[in-house]
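Beneath this line is the structure, given in C-alpha cells, with notes to follow.
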Amino acid sequence: MASIGSWWRVVQNEKDRSSGLESDFEYRERWITIRLVYVSGFLMFLSFGVVTTGLWPYLQDMDPTVGKPFLSVVFAAPPAGQLIFSPLIGWCSNRLSSIRVPFVILTALFVFGNGLYSVVELFPTPHRRYVLLLARFVFGISTSINTLSRAYISTATKLSERTGAISMSSLAQTFGLAVGPIIQAALSTIGKEGLMWYGLRINMYTMAGWICAALGVVYILFLNPSCFVHRTIAAQEAMKTTGFSKATDTYEPLKMFSIWTVMIGYSVLMFFYVSVQTALSPISLDQFGWSHEESLYYLGILITGGTLCSCAVFLLLPQLCKRFQEHNVFLFFAIVPLFISQVVMIPMGSKSIPMLDSSNNRSTGDGGGGGCPIEQEWCNSIPPINQYQLTISYTMLCISFSVGIAISQTILSKLLGTRPQGNWMALYTSIGGLTRIIGPASVVVYVRFGTYWLFGLGAMISGLLLIWMWCYKSHLRTTKKINHAEEMQRMANGVAE
C-alpha cells in the first residue's frame with residue numbers, strides 16, 4: 001500500500017534521491033508530466049473505441065446510399081493520417097526544446113476531429129460521407145501524439161524506470177480501448193433520434209464525439225506550463241555513468257541489425273493482432289453458425305476478457321523483467337505465444353462446417369443462425385474451428401500483443417541510447433499505422449482460401465520469426481554481460497581509488 005501511495009503522491013525514494021540526478025521538486029515535475037503523457041494515450045484509444053463501435057450505423061444514418069467499400073476507406077483514414085504525419089511530428093520533436101506545444105496542437109486537432117464527427121448532419125447529404133471521412137483523417141493526424149509520447153518517455157526515464165513507464169503507457173491505451181465500447185453501449189439509451197439542441201442533434205452517435213471532444217478540451221487545460229514541464233533525465237544518467245561532460249559524447253553507434261530485428265518483430269505482432277481482430281466476426285458467424293446477435297454477445301465477452309488479460313500483463317510486466325532479461329521476455333512471452341496462437345487455430349477433426357442455406361438464411365448445422373455461405377466452397381472440405389481453439393488462440397494473442405508492444409518499445413529505446421528518438425519512434429508508430437491499413441486484408445484470404453491458408457500462413461510466418469529471434473536474440477540484449485575477471489578488476493580499481 002505504501003508503494004501505491006507514493007505512486008499517487010509522486011514522492012522520490014531514497015535510492016533515486018541518493019543518485020543526485022535531480023531534486024525532489026524536479027522529480028515530481030518529471031513524473032507529473034509523464035503521467036499526463038499517459039493520459040494522451042488513454043484519450044486517443046478511448047475515442048477510437050467509442051467511435052468505432054457505432055461508425056457503420058452512423059455512416060448509414062448520415063448517407064443511406066453508402067456501401068461497405070467506403071466503410072473500409074473510413075476505417076483506413078485514421079491509420080493513414082498517422083502514417084503520413086508521424087514522420088513529420090518525429091522530425092519536429094527532435095528539434096524542439098519542449099513537446100508541450102505539439103501536444104497542445106495535436107490535442108486541438110483531436111477536439112476538432114471529434115467535433116466535426118458530431119456535426120456531420122449539418123452538411124448536405126451527398127457531402128456527409130466525405131465530411132465524416134475528413135473527421136476520421138484529422139483524428140488520425142492527432143494520434144501522431146503517440147510518437148511524441150514514446151520519444152518523450154524514452155528520454156524522460158532512467159533505464160530502471162523505462163519498462164515500468166512504457167507498461168503503464170500501454171495500460172492506459174488498453175484501458176481507453178476497453179472503456180470506449182462501454183461508453184457507446186451506455187449512450188445507446190439516448191437512441192438514434194435523440195434530441196435537438198441549438199440546431200445540433202444529440203443522439204447515441206454524436207454524443208460519443210462530443211464526449212471525446214470535451215475530454216480533449218479538459219486535457220488541453222492540463223497542458224499548461226505549470227503542469228506540463230518538459231524534463232529529460234536519460235542523458236544526465238548516461239553522462240554520470242560514463243563520466244562524459246556532454247550528452248552527445250554518450251551516443252553509441254547504432255546497432256542497425258538489432259534495431260531492425262525489433263522493428264520486424266513489432267510489425268509482425270501488430271499485423272497478426274489486427275488481422276485476427278478483423279477476422280473474428282466472420283469466423284464466428286461461419287464456423288460456429290452463430291447469429292449476428294450471438295456473435296456480438298460472445299465476441300464481446302471474449303474481447304473483454306482479452307482486454308482484462310492485457311491489463312494484467314501490463315501490470316505484471318515490470319516484475320517479469322526483473323526476473324528475466326528483456327530480450328528473453330520478448331522471445332518467450334511475445335513471439336512464442338504468437339506462434340501458438342496461429343498453430344492452435346489450424347482446423348482439426350472430421351466434423352463439417354455448418355452451411356448457410358441461402359433460401360431462408362438459416363444454418364444447416366446446429367447453430368440455427370449463421371453459417372458458412374455457399375460461395376465459400378472451401379467450407380465443404382475443411383473441418384470447423386471450435387470455440388476452445390478460438391479462446392486459447394485469442395488469449396495467447398493478447399498476451400503476445402501486450403508483452404510485444406511494451407517490450408519492443410523498451411528494447412528499441414535502450415538500443416537507441418540517449419540520442420533524440422523522435423525520428424525512430426515516428427517510424428515505429430508509422431509501422432503500427434501501416435499494419436492497421438493492410439491487416440484487414442486477412443479477411444480476403446479467409447473468404448477466398450479458408451482457414452488452412454489463413455492460419456497455415458500465420459503459423460509459417462510466426463514460426464520463421466520465432467526461429468529468427470531465437471538465433472539472434474543476443475543482438476537484442478540491452479545490458480552488457482560482465483564476466484568474473486572484469487568484475488574483480490572493477491573492484492580492485494575501486495579499492496585503489
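Observations
- With a Förster radius of 22 Å applied to the C-beta separation of residue 304 and residue 189, the computed FRET efficiency comes to 0.65.
- Leading residue at positive end of dipole, the chain (Cβ point charges), from 263, 115, 185: 263
- Take 44-50, 105-111, 456-462 and order them by the average number of nearby Cβ atoms within 10 Å per residue, most first; the result is 44-50, 105-111, 456-462.
- Residue-level accessible surface for residue 327, protein heavy atoms, 1.4 Å, Å²: 10
- Built amide H within the under 5 Å cut-off of residue 372, gap 5+: 355, 356
- Overall, the accessible surface of the chain at a probe of 1.4 angstrom is composed of carbon and sulfur to the extent of 67 percent.
- The C-alpha atoms of the chain define a longest principal axis, and helix 387-416 lies at about 30 degrees to it.
- Charge context of residue 130, other residues only, Cβ under 13 angstrom, K/R +1, D/E -1: +2
- Protection-proxy order for peptides 89-97, 133-141, each taking the mean of Cβ atoms within 10 Å per residue, highest first: 133-141, 89-97
- In a fully extended conformation the segment linking residue 73 and residue 452 would gain 133.6 nm over its present Cα-Cα distance, using 0.36 nm per residue.
- Net +/- balance of residues flanking residue 230 in space, Cβ distance below 11 Å, scoring K and R +1, D and E -1: +2
- Placing a label point 7 Å from the Cα of residue 229 along the Cα-to-Cβ direction, the residues of segment 58-99 whose backbone N falls under 18 Å of that point are 97-99.
- Too-long pairs where the Cα-Cα distance tops 24 Å, listed order kept, from 246/414; 15/158; 15/255; 158/255; 15/414: 15/255
- Seen against the Cα atoms of the chain and their longest principal axis, helix 125-142 is set at about 20 degrees.
- Principal-axis tilt of helix 145-155 within the chain, Cα atoms, nearest 10 degrees: 30
- Simple Cβ-charge dipole of segment 299-444, Lys/Arg +1 and Asp/Glu -1, about Cα centre, in debye nearest 20: 660
- Where labels lie 7 Å past Cα in the beta-carbon direction, separation of residue 119 and residue 245 in nm: 5.7
- Sorted on the mean count of surrounding Cβ atoms within 10 Å across their residues, most packed first, peptides 339-348, 15-24, 177-186 read 339-348, 177-186, 15-24.
- Largest to smallest in accessible area, the residues 228, 175 fall in the order 175, 228 (1.4 Å probe, all protein chains included).
- Per residue value of the accessible surface for the chain (all protein chains in place, 1.4 Å probe), Å²: 48
- Segment 103-123 residues near the modelled residue 130 label - backbone nitrogen below 18 Å, point 7 Å along Cα→Cβ: 116-117, 119-123
- Computed per residue of the chain from DSSP H runs no shorter than four, each worth -39500 (n - 2.57), the mean residue ellipticity at 222 nm is -23500 deg cm²/dmol.
- About its Cα centre, the chain has a charge dipole of approximately 1060 debye under the convention of +1 per Lys or Arg Cβ and -1 per Asp or Glu Cβ, with nothing else charged.
The values are calculated or read from the model by the stated rules, or taken from the named source; none is laboratory data. Remember, predicted model here, so these are calculated numbers, not experimental data. With ideal geometry, Cβ positions are generated from the backbone for all residues, glycine too; neighbour counts draw on all protein chains shown. Side chains are part of the model used for accessible areas, which takes the heavy atoms of the whole protein and leaves out ligands, DNA and RNA. Shrake-Rupley method; radii C 1.70, N 1.55, O 1.52, S 1.80 Å.
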